[in-house]
Amino acid sequence: MSSKKPSFEDSLKKLETASEKIRSQEASLEDAIKSYKEGLEAYNECRKILDEAVQEIETLTKKVEEK
């Protein structure tokens, strides 16, 4: 199994897919709960990636401002 970190785009697509499954009129309660858990995991990964990007931008901005 690969230890490659998922990209923001991949995680966002998983979140969108989970959301679509939950909103589906045909989803059973069990499927909706499973999709909710998957969506929550994808959301957390997106949030982590965005937080890292913000931190990197802030670091770069501080370096530019110090010059």
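Each reported figure results from applying straightforward, stated rules to the coordinates on display, with no laboratory input. It should be emphasised that the depicted structure is a prediction, and the values quoted were computed from it without experimental measurement. Heads up, the Cβs are rebuilt from the backbone with ideal geometry, glycines too, and the neighbour counts pull from every protein chain shown.
List of remarks:
- Cβ-defined net charge surrounding ALA42, 9 Å radius [Lys, Arg +1; Asp, Glu -1]: -3
- Sites listed here are GluC sites (Glu not before Pro) in the range 3-67 whose DSSP assignment is loop and whose Cβ has at most 11 other Cβ atoms within 10 Å: GLU26.
- Between 0 and 90°, nearest 10: helix 8-23 axis offset from the chain longest Cα axis: 30 degrees
- With Cα atoms, 0 to 90° folded angle of helix 29-66 axis to the chain main axis: 10 degrees
- Distance between the 7 Å Cα→Cβ label points at GLU9 and TYR36: 3.1 nm.
- Estimated from helices alone, the mean residue ellipticity of the chain at 222 nm is -29000 deg cm²/dmol (sum of -39500 (n - 2.57) over DSSP H runs with n ≥ 4, per residue).
- Translational diffusion of the range 8-66, estimated by Stokes-Einstein from the Kirkwood radius over alpha carbon pairs at 37 °C in a medium of 0.692 mPa s, is 254 µm² per second.
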